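Asks: Dumping the structure here so I can ask a few things about it.
Readers should treat all values here as calculations from the given coordinates under stated rules, not as data from a laboratory. As the structure is a prediction and not an experimental result, all values here were calculated from the model. For neighbour counting, all protein chains shown are included, and Cβ atoms are generated from backbone atoms with ideal geometry for every residue, glycine included.
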Protein chains: 2
Amino acid sequence: MTSADRFVDAGLRTWRLYMDRAGKFFGSLSPPDLQLEVAPSRNRLIYIWGHLTAVNDAIFPLFAFGPKRFPELEKIFIAQPDRSSAQIPDAAELQKMWTEVDAALCQEFQKLSPSDWLQRHQSVSEEEFVREPHRNRYASLLGRGAHVAYHLGQAMLAKQK
Amino acid sequence: MTSADRFVDAGLRTWRLYMDRAGKFFGSLSPPDLQLEVAPSRNRLIYIWGHLTAVNDAIFPLFAFGPKRFPELEKIFIAQPDRSSAQIPDAAELQKMWTEVDAALCQEFQKLSPSDWLQRHQSVSEEEFVREPHRNRYASLLGRGAHVAYHLGQAMLAKQK
């Protein structure tokens with residue numbers, strides 16, 4: 001492994017660690033568990049699970065991997081707060097989507113060279129990227145991993161009583 | 001900037017982002033605010049602030065930067081759960097410790113070359129590191145940053161009502 005490979009490896013391991021923890025946590029919850037709120041009148045666990053799935057799904061276009069797998073999630077779990085949509089996916093559907101997004105992202109991540117990781121993501125134009133080269137795929141991976149950790153911390157409050 | 005510099009920059013930016021968010025959040029709380037719990041019967045905000053300060057302070061010996069600045073924090077905020085210690089630092093003391101640890105860590109981080117970042121941290125022996133080169137300073141930085149994000153997510157629940 002080169003030094004650059006080591007840095008990529010560290011980013012992917014941190015991502016994997018929190019994705020595994022989140023996947024195990026949400027995947028073990030019963031449908032009634034998923035209705036629990038992380039704190040009084042705050043998000044339900046099912047909403048946080050859907051939110052993380054939707055935000056991770058958006059990595060496909062952001063990293064130029066292709067379209068989102070489940071574009072319908074954005075409206076329910078990103079654009080709107082919890083309890084806004086009359087119909088949201090149930091536990092079995094979310095489990096399937098979570099697993100599919102996670103597996104497909106991992107597959108794409110493995111194809112990237114260290115230099116690919118340092119290329120711009122699609123929310124920044126080529127011109128902007130010349131001035132702001134820190135807006136690269138790798139930086140987004142770290143940001144998205146921290147986003148999983150942020151919400152996992154909240155989710156753990158609902159169940160560990 | 002070389003590629004290696006870019007990876008280090010991404011790790012430090014993610015660290016900085018969550019440290020700034022946490023510093024701003026906790027630093028704006030009044031003493032009564034700091035007594036709020038993140039969820040019923042769970043950690044108080046002052047405990048989470050102290051916990052993050054203590055865990056960050058432990059980066060000094062972990063990264064071979066020198067001794068902890070405030071070794072007394074470990075017993076109160078890591079070894080014991082909230083409400084175990086009769087006496088804990090107050091808001092003004094924690095603010096001072098948080099700022100000092102943050103500033104001194106940043107100063108040390110700036111001195112490291114990309115190759116220094118990929119050296120082992122002090123919880124792994126030289127022999128283990130040969131087999132497990134992923135246990136380096138950089139990977140720990142990412143892990144500690146995610147740890148800040150994890151608890152910040154919880155802390156935000158107490159105040160944003």
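Asks: Which aspartates and glutamates have a Cα lying under 13 Å from the Cα of residue A:75, excluding residues fewer than 8 positions away in the same chain?
Replies: A:57
Asks: Given a 10 angstrom Cα cut-off, can you work out which residue in B:41, B:140, B:30 is the most mobile in a GNM of chain B?
Replies: Largest GNM mean-square fluctuation: B:41.
Asks: Further, regarding this structure: Sequence neighbours fewer than 8 away in the same chain don't count; with that in mind, list the lysines whose C-alpha is under 19 Å from residue B:24.
Replies: Hits, sequence-local ones excluded: B:96, B:159, B:161.
Asks: Now, a different point. Averaged over A:140-150, how many beta carbons belonging to a partner chain fall within 10 Å of each residue's beta carbon?
Replies: Details: counts 2, 2, 10, 6, 0, 5, 13, 3, 4, 11, 11.
For this peptide, the per-residue mean of nearby foreign Cβ atoms is 6.
Asks: While we're here: Which net charge results when you count Lys and Arg as +1 and Asp and Glu as -1 among the other residues whose beta-carbon is under 15 Å from that of residue A:92?
Replies: With Lys, Arg at +1 and Asp, Glu at -1, the neighbours total -3.
Asks: Okay, next question. What are the distances, in nm and sorted shortest first, from the label point of residue A:41 to the label points of the same position in each other copy, with each label point placed 7 Å from Cα along the Cα-to-Cβ direction?
Replies: 2.2
Asks: Separate question: What value, in deg cm²/dmol to 500, does the helix sum -39500 (n - 2.57) over DSSP H runs of n ≥ 4 give at 222 nm once divided by the residues of chain B?
Replies: -19500 deg cm²/dmol
Asks: Can you give me the Rg/Rh ratio for the protein assembly as shown, using Cα atoms for both radii and the Kirkwood formula for Rh?
Replies: 0.97
Asks: Run the label-point distances for residue A:84 please: 7 Å along Cα to Cβ, every other copy, nanometres, shortest first.
Replies: Result, one decimal in nm: 4.2.
Asks: How far, in nm to one decimal, is residue A:133 from itself in the other copies if the label point is set 7 angstrom along Cα toward Cβ? Shortest first, please.
Replies: From this label point to the equivalent ones elsewhere in the assembly: 2.4 nm.
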